[in-house]
Amino acid sequence: MTGEQDGTGVSIIIPAYREGENIVPVLTRILRGVETTCEVLVVVDFPEDPTVAVVDDFQGSESNVKHLVNTYGRGPAHAIRYGIDHARYPIVVVTMADGSDDPRQIDTLVRLVERGVVIAAASRYSAGGQQVGGPALKGALSRGAGVSLSMLGRVGTHDATNSFKAYSTEFVREVGIDSRSGFEIGVELVAKARRLRRPVAEVSTIWLERTTGVSSFRLREWVPKYLRWYRFAFGPSLTVDEVRMQAARIARLNES
């Protein structure tokens, strides 16, 4: 099932796992910082997640905020995919539940998509961007992948690995999402846009390591999967059918 599409606005997708009360300041900052008409979809993996009750309480005063229970499978990739499939607006923004992203930039990302790009990325590694905190190895790998993809692959952003992006909902539904684990969706969709020669743009951002809760990023498990999408970004222009066929092959390798 996919969401009914409204004409203007943005659907903000937040994958969440046992965030509980930690989600409140994130939601508050989003509603204070975003001027575009929006819905905020907090996607959890099971109805007993303590985040659900907190979001429902918050929804009492904010009707555009609601929780969704993901039925595609556990993990952030499934949650993001489920949220996008149920988005009501023609633009979706994926942002994290940990408060690391700056919601005041959502309007800027949305305007770029409105102007014609299929992906607008918030970039930590372009001029004026910064990553504050976080594991050193994870940061080095992310920066190396992002900058090399920008310079060598000409993908349109220095930060393909950052999950904080705006997408054309039509584009995502056209090419599909084949990732089934981790946060590799960001790299996957940037790679697909590049092989289709669709426009991608970026704005600089300052990313802050979470101050509450525990990160769910699993470096050793997810890096090989990221690398397959990284390699996919290089190559000649493809048709949508060709992208879907090759992406399905990568997805099978990632699940084997």
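Tabulated values for the structure
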quantity: Cα gyration tensor category, rounded, prolate or oblate, for the stretch 112-256 with a/c compared to 1.5; calculated: oblate
quantity: Antiparallel bridges, percent of DSSP beta bridges restricted to the chain (to nearest 5); calculated: 25 percent
quantity: FRET efficiency estimate (nearest 0.05) - Cβ-Cβ, Ser256 to Glu114, R0 35 angstrom; calculated: 0.35
quantity: The chain: angle of helix 219-232 to the longest principal axis, Cα-based, in degrees nearest 10; calculated: 50 degrees
quantity: Relative contact order [Cα under 8 Å, 6+ residues apart], the chain, whole percent; calculated: 21 percent
quantity: Net charge of Cβ neighbours under 14 Å - reference Arg231; Lys, Arg +1; Asp, Glu -1; calculated: +4
quantity: Among Ala140, Ala122, Ala201: highest mean-square fluctuation, GNM of the chain, C-alpha pairs under 10 Å; calculated: Ala140
quantity: Top of Leu238, Leu137, Leu196 by mean-square fluctuation, Gaussian network on the chain, Cα under 10 Å; calculated: Leu137
quantity: Selection of trypsin sites (Lys or Arg not before Pro), the stretch 146-192, meeting DSSP coil and at most 12 other Cβ within 10 Å; calculated: Arg154
quantity: Choice from Thr205, Thr239, Thr169 with maximal GNM fluctuation in the chain (Cα, 10 Å cutoff); calculated: Thr239
quantity: Label assignment, Rg and Dmax of the Cα atoms in Å derived from the structure, set (i) 17.4, 57; (ii) 20.9, 81; (iii) 16.8, 51; calculated: (iii)
quantity: Highest-first arrangement of 63-71, 92-100, 34-42, 183-191, where packing means the average Cβ count within 10 Å; calculated: 183-191, 92-100, 34-42, 63-71
quantity: Helix-only mean residue ellipticity at 222 nm for the chain, each DSSP H run of n ≥ 4 adding -39500 (n - 2.57), per residue, nearest 500; calculated: -12000 deg cm²/dmol
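All of the numbers you see were taken from the coordinates with simple rules; none came from a lab. Quick caveat, the model's predicted, so the values are computed rather than measured. Here Cβ is always computed from backbone atoms with ideal geometry, including for glycine, and neighbour counts include all displayed protein chains.
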